[in-house]
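Accompanying notes for the structure given below.
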Amino acid sequence: MKPSEFKTKLGHYIKERLTSEEDSSKILEELLKNNIKILETPVIDKLAKLKSVCVGTTRICHSLSSGKIYRYKSIVLTGDEKGIVGVGIAKASLKKNSITLAIKKSKTNLLYVKDLKIYNITSKFGATKVNVSPLPTSKITSSKKGQLFCQLAGLKGLAIKLEGKNHVKSVFNYYKALYDCFRRIIEKQRKID
């Protein structure tokens, strides 16, 4: 990776730590635990090997006096299956561009969910409500959407229940609400610690 690709102070700091033969995944975990937001995707690519999955793309339309403008909206999940997960949503005039922008956004919206003490929590986004609760077993009881999120995050022993309409728009709202559930759990644990 070229030194010019790191533009922020955090990027240069990480570059210095990587030259000292330190484990890159531990650096990323430490940054996410301390709630430090990484805004450069090349830095994240250097620190971890993340898998990205496009889970939804839809066509949206804006009506103007000159006519209709069609664009695409995509949602992407990113995770390493070891406790790091992110969700990104982006819009662009081309489908491919909206997916690449969503991948970049999901890499900058990462959460560290490995050592969480999950409790019963409900989050709402739009008309979709998501309820996350712990299970005594290591199973995941959820729809395929929730199982994909948990698989990319490396989570086990959860029950995820969807309340609300079940159509194309709810895919976006579902993942936003699920992401918000885990973000709120992390914030609550930071206050306790």
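Any read-out appearing in this document is the output of simple, stated calculations on the displayed coordinates, not a laboratory observation. Being a predicted model, the structure only gives us computed values, none of them experimental. No Cβ is skipped: glycine too gets one built from the backbone with ideal geometry, and neighbour counts run over all protein chains shown.
Numerical summary
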read-out	value
Relative contact order of the range 57-118, pairs being alpha-carbon contacts under 8 Å that are 6 or more residues apart, as %	29
Helix runs (DSSP H) in the chain reaching 24 Å along axis by Cα, Kyte-Doolittle at least 1.6	none
For Thr128, Thr78, Thr19, order by how many other beta-carbon atoms lie within 10 Å, fewest first	Thr19, Thr128, Thr78
Range in the chain, longest, excluding exposed GluC sites (Glu not before Pro) [loop by DSSP; at most 16 other beta-carbon atoms within 10 Å]	82-193
Where chymotrypsin sites (Phe, Trp or Tyr not before Pro) fall in DSSP loop in the range 94-151, at most 11 other Cβ within 10 Å	Tyr119
Over 23 Å (Cα to Cα) - which of Lys51/Lys82; Lys9/Lys105; Lys26/Lys107; Lys15/Lys156 fall in this group	Lys15/Lys156
Those trypsin sites (Lys or Arg not before Pro) in the range 112-150 that DSSP places in a loop and that have at most 10 other beta carbons within 10 Å	Lys117
Cβ-defined net charge surrounding Ile84, 9 Å radius [Lys, Arg +1; Asp, Glu -1]	-1
Length-normalised contact order for the range 1-113 - Cα pairs under 8 Å, 6+ apart - percent	21
In range of the label at Ala92: residues from the range 25-43 whose backbone nitrogen is under 20 Å from the point 7 Å along Cα→Cβ	39-43
Ascending count of other beta-carbon atoms within 10 Å, so fewest first, for Ser98, Ser123, Ser93, Ser133	Ser93, Ser133, Ser123, Ser98
Value of relative contact order over the chain, rounded to a whole percent, pairs C-alpha under 8 Å and six or more apart	17
DSSP beta bridge pairing in the range 94-189, given as percent antiparallel to the nearest 5	85
